[in-house]
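A short worksheet on the structure shown next.
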Amino acid sequence: MSLPPAAEALATDRLNAVDAALPGLVEAFWVTGSATSGDWWPEVSDVDFVALTSRVPTGDDLAALAAVHVPGGPHVDGVYVSDLTDLPSAEEPAPHVQDGVFATGACGLCTPVAWLELRTRGVALRGPAPAEVVPAPDPAALRAWLLGNLHGYWSQEADRLERALADRPEDQPLSAVGTCWVVLGPPRLHATLVTGEVIS
C-alpha cells in the first residue's frame, strides 16, 4: 500500500528529526490512520504513526522527543512503544504525540482498535510490515472496548450534544469538523463490531 506523497513526506521528516536527536532509538516506524485508508486530506488530516523503540525511553530520551515534537504546523501524531507483546492501553502512560503536543501520561491513542488498524493497515517506513510482528487483538477485549466506548464516551457525547442543540439558535450553523466527528464516529465503531475491520 502506498501513502499519499505529502503524508509520507511529513512522516519521513518527523522520523528523520527523531533519528537526528536520538540515533538508534527508533527500530520501526509505521504510518497508520487516514493516510493508509485512502481518506487523507492535505492540510486537513494529521499523519498517525506508531514507533517501535529499541529501549524503554529514559528521561533524557523523553526530553529529546519533546523537543522534536513541538506544537505548530501539520500534526504528525502517534505513540512510542518498546514492547509489542505488551501494548499500552488508553489508561496507561506512554510517550505519545496528540494534536501536535508531546506527553507521557495516559494515551488515548492506545486502544484495541488502534492496534487492529496498525496490524491490518499500517505501512512501514522502517522495519517489517506490522502484520508480521504486531499481535492480533484479543477478540473479546476488542469487543468489550468497542461496547464500552459506545456506551460510555459516545452516550455522554450524545447527551451533551442534545443539551447544546436545545439552547442553540436554529439558524446557527454547526461546525463541519464537529458534525463529522459525531455523525461518523459511532458507525465506525459499529462497523468494527460487526466486521472486525476498521473503516475510514
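The values are calculated or read from the model by the stated rules, or taken from the named source; none is laboratory data. What you see is a predicted model, and the numbers here were worked out from it, not measured in a lab. No Cβ is skipped: glycine too gets one built from the backbone with ideal geometry, and neighbour counts run over all protein chains shown. Please note that ligands, DNA and RNA were not included when accessible areas were found on the heavy atoms of the full protein model with its side chains. Shrake-Rupley method; radii C 1.70, N 1.55, O 1.52, S 1.80 Å.
Scan segment 37-44 and give yes if some residue there is touching a residue at least 60 places away in the same chain (Cβ under 8 Å) and in contact with an Asp or Glu (Cβ under 7 Å, 6 or more places away or on another chain), otherwise no. There is no residue in segment 37-44 that is touching a residue at least 60 places away in the same chain (Cβ under 8 Å) and in contact with an Asp or Glu (Cβ under 7 Å, 6 or more places away or on another chain). Would you confirm, using the coordinates I've provided, whether E197 is among the charged types (D, E, K, R), exposed (fewer than 14 other Cβ atoms within 10 Å of the Cβ) and in a loop (DSSP other than H, G, I, E, B)? Answer is yes for this residue.
Any idea which residue in segment 148-160 is nearest to the chain's Cα centre (by Cα), counting only those that are under 18 Å from V183 (Cβ atoms) and open to solvent by 50 Å² or more (accessible area, probe 1.4 Å)?
Taking segment 148-160 as the starting set, the residues that turn out to be under 18 Å from V183 (Cβ atoms) are 149-150, 153-160.
With open to solvent by 50 Å² or more (accessible area, probe 1.4 Å) added as a condition, the list becomes 153, 156, 158-160.
Details: Y153: 17, Q156: 22, A158: 23, D159: 25, R160: 24 Å.
It comes out as Y153.
Among the criteria (1) assigned to a loop (DSSP other than H, G, I, E, B); (2) at pLDDT 95 or above; (3) open to solvent by 60 Å² or more (accessible area, probe 1.4 Å), the one G24 does not fulfil is (3). For segment 78-89, the criterion of being in contact with a strand residue (DSSP E or B) (Cβ under 8 Å, 6 or more places away or on another chain), open to solvent by 30 Å² or more (accessible area, probe 1.4 Å), at pLDDT 95 or above and under 18 Å from L118 (Cα atoms) is met by at least one residue.
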